[in-house]
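Peer 1: Got a structure for you, written out below as structure tokens; questions coming shortly.
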Amino acid sequence: MQIKEFAQQIGVSVRTLHYYDEIGLLKPSEVDAQNGYRFYDERSLERMQEILFYRELDFSLKTIAQILLSPDYDKQQALSRQRKLLLAKKERLERLIMAIDSVEKGECFMKTKNEYEVLKSQYAEEAKQRWGNTAAYKEFEQRHTDHSQAAALIDAVFEEFAELNRAGVSPDSEPAKITVEKLQQCITDNFYTCTDDILKGLGQMYVTDDRFRKNIDRHGEGTAEFVSACIKSYCK
């Protein structure tokens, strides 16, 4: 498959696949020497499923790369666990839908602990025991304890958006595009892989969720609307 088709099938952006290639996490199965087109096969799909399993456990890309290259890494076990985890997640989502339906009907819905949270915690703990001494894993843990610092970095990006807005810069301009890329990379570096689809959703949430809007507008009235417009232009 060509990169665009592969990206659509697995639900990530082409830009994400380019980034995975750059860091050596997921290389194309073939690259056309004449035009540079990237191609992916079934082995690429398997590799992506393995990556998604560890992303589901909130591991950093660097940690995932080190795990996948480990001599004692068991691919079949990882894929089997991913399937089990996704089935549990599916059940959890179905129960949430049932809860919403019950509330809308005025009924009482009793919440019980779902297997998804139990499995996710169990697999994450097992991975920590196996790879916890690696440099990548230690970096991953450090990143997850530095939420205040990460929040400050993202807040600084919002301030850049506010400055652009005050200067009358257009949301589809190059400075706006660069700032959106900075925001996307900041989220990826500190929290999770921020694909274009996720970024687009965040852009909408920044204006529809009053909590986000008020927080972003601390940098200046209309900043949230401007950030949302910049993201919309970037992701179109």
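Peer 1: Could you list, in sequence order, all residues of segment 35-57 that are of a type outside the set (Ser, Thr, Tyr) and under 14 Å from GLN82 (Cβ atoms)? Can you show your working first?
Peer 2: In the first step, residues of segment 35-57 are kept if they are of a type outside the set (Ser, Thr, Tyr); the result is 35-36, 38-39, 41-43, 45-53, 55-57.
Of everything in segment 35-57, those that are of a type outside the set (Ser, Thr, Tyr) and under 14 Å from GLN82 (Cβ atoms) turn out to be LEU45, GLU46, ARG47, MET48, GLN49, GLU50, ILE51, LEU52, PHE53, ARG55, GLU56, LEU57.
Peer 1: Going by the structure shown, is ASP32 touching a Phe, Trp or Tyr at 6+ places or on another chain (Cβ under 8 Å), open to solvent by 20 Å² or more (accessible area, probe 1.4 Å) and not aliphatic (A, V, I, L, M)? Talk me through it step by step, then tell me what you get.
Peer 2: Working: touching a Phe, Trp or Tyr at 6+ places or on another chain (Cβ under 8 Å): yes; open to solvent by 20 Å² or more (accessible area, probe 1.4 Å): yes; not aliphatic (A, V, I, L, M): yes.
Here the answer is yes, as ASP32 does meet what is asked.
Peer 1: Could you give every pair whose Cβ atoms fall below 6 Å, whose first residue belongs to segment 46-71 and is in contact (Cβ under 8 Å) with a residue 12 or more places away in the chain, and whose second residue is among the polar types (S, T, N, Q) and part of a loop (DSSP other than H, G, I, E, B), counting only separations of at least 6 or pairs across chains?
Peer 2: GLN66/THR134
Peer 1: Got at least one residue in segment 2-20 being open to solvent by 20 Å² or more (accessible area, probe 1.4 Å), more than 15 Å from the chain's Cα centre (by Cα) and of a type in the set (Ser, Thr, Tyr)?
Peer 2: The answer is no, given that none of the residues of segment 2-20 is open to solvent by 20 Å² or more (accessible area, probe 1.4 Å), more than 15 Å from the chain's Cα centre (by Cα) and of a type in the set (Ser, Thr, Tyr).
Peer 1: If you go through segment 12-24, how many residues are in a loop (DSSP other than H, G, I, E, B) and over 14 Å from SER44 (Cα atoms)? Step through it out loud before you land on a result.
Peer 2: Kept after step one, since they are in a loop (DSSP other than H, G, I, E, B), are these residues of segment 12-24: 12-13, 23-24.
In the following step, the residues that additionally are over 14 Å from SER44 (Cα atoms) were identified as 13, 23.
Looking only at that region, the number is 2.
Peer 1: Applying the selection to segment 183-212, what residues are modelled with pLDDT of 90 or more and farther than 26 Å from GLU56 by Cβ?
Peer 2: Result: VAL207, single match.
Peer 1: Of the residues in segment 210-226, how many are open to solvent by 30 Å² or more (accessible area, probe 1.4 Å) and within 23 Å of the chain's Cα centre (by Cα)?
Peer 2: Looking only at that region, the number is 6.
Peer 1: Given the conditions (1) open to solvent by 40 Å² or more (accessible area, probe 1.4 Å); (2) within 17 Å of the chain's Cα centre (by Cα); (3) farther than 16 Å from THR16 by Cβ, which single one is not true for GLY203?
Peer 2: The number of the failed condition is (1).
Peer 1: So ARG43 fits all but one of (1) of a type outside the set (Ser, Thr, Tyr); (2) surrounded by 17 or more Cβ atoms within 10 Å (Cβ to Cβ); (3) in contact (Cβ under 8 Å) with a residue 12 or more places away in the chain; what number is the exception?
Peer 2: Checking ARG43 against (1) of a type outside the set (Ser, Thr, Tyr); (2) surrounded by 17 or more Cβ atoms within 10 Å (Cβ to Cβ); (3) in contact (Cβ under 8 Å) with a residue 12 or more places away in the chain, the one that fails is (2).
Peer 1: Further question on the same structure: Those residues that are outside any loop (DSSP other than H, G, I, E, B), open to solvent by less than 70 Å² (accessible area, probe 1.4 Å), modelled with pLDDT under 75 and of a type outside the set (A, V, I, L, M, F, W, C), I need them from segment 51-80; list them, please.
Peer 2: Scanning segment 51-80 gives GLU56, THR63.
The values are calculated or read from the model by the stated rules, or taken from the named source; none is laboratory data. What you see is a predicted model; the values in this text were computed from it and never measured. Cβ atoms come from the backbone with ideal geometry, glycine included; neighbour counts cover every protein chain shown. These area figures cover heavy atoms from the full protein model, side chains too; ligands, DNA and RNA do not enter into them. Shrake-Rupley method; radii C 1.70, N 1.55, O 1.52, S 1.80 Å.
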